[in-house]
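Below is one structure, written out as structure tokens; comments come after it.
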Amino acid sequence: METVGPPYASLGPDASLSAGIQRFHARQMQLLDSGEAEAWAATFTEDGLFAPPSLPEPIHGRAALAAGVRKAHEELAAEGEARRHLLTTAAVGDPEPDGSVRVRSYVQVVATRRDEAPKLMLMCVCEDVLVVEDGEWRVRERYVTRDDRP
């Protein structure tokens, strides 16, 4: 059997874009879940916006993002709970004229306490605007909505 080109070459350039964004999201969620606040915040642009459903107003900027993750991780650790954010089914849009890319994903948040079964806490939709800075993907804007709330 003759092969032509590298594997998945027939999927086109968007396959490479999607794979890169998937790697970015995987790393980002693992940084979040491990409490690496500054490293997670650095995956956003300096003035990045994060609008989670748990807060009345969006969070702006890396310093505020890191402070929020640090506080949440400390509280969860004190309660003996681990959280895992499972970002799946990422639909990657075509690059915009400014180079940004819109990505819409589903996010499951699973909570586990020692000696207890894991529990699905939340099912959310995550809408990102990603940009490349210094050769790395960064979140410029992230809006998260919960399926159980309007």
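Note on segment 18-95: Cα-Cα pairs beyond 21 Å make up 31% of the total pair count.
Using a probe radius of 1.4 angstrom, the carbon and sulfur fraction of the accessible surface of the chain is 54%.
What does the net charge come to around GLY80 if you take all other residues with beta carbon closer than 14 Å to its beta carbon, with K and R at +1 and D and E at -1?
Combined, the nearby Lys, Arg, Asp and Glu give -2.
Local charge for VAL92 was computed over the other residues whose Cβ lies under 14 Å away, with Lys and Arg +1 and Asp and Glu -1, and equals -2. The accessible area of GLU75, taken with all protein chains in place and a 1.4 Å probe, comes to roughly 90 Å².
Sorting the segments 77-89, 60-72 by their residues' average number of neighbouring beta-carbon atoms within 10 angstrom, most packed first, yields 60-72, 77-89.
Dividing the Cα radius of gyration of the chain by 2.2 N^0.38 Å, with N the residue count, gives 1.15.
The values are calculated or read from the model by the stated rules, or taken from the named source; none is laboratory data. Keep in mind that what you see is a predicted model, and the values were worked out from it rather than measured. Here Cβ is always computed from backbone atoms with ideal geometry, including for glycine, and neighbour counts include all displayed protein chains. Side chains included, ligands, DNA and RNA excluded: accessible areas come from the protein's heavy atoms. Shrake-Rupley method; radii C 1.70, N 1.55, O 1.52, S 1.80 Å.
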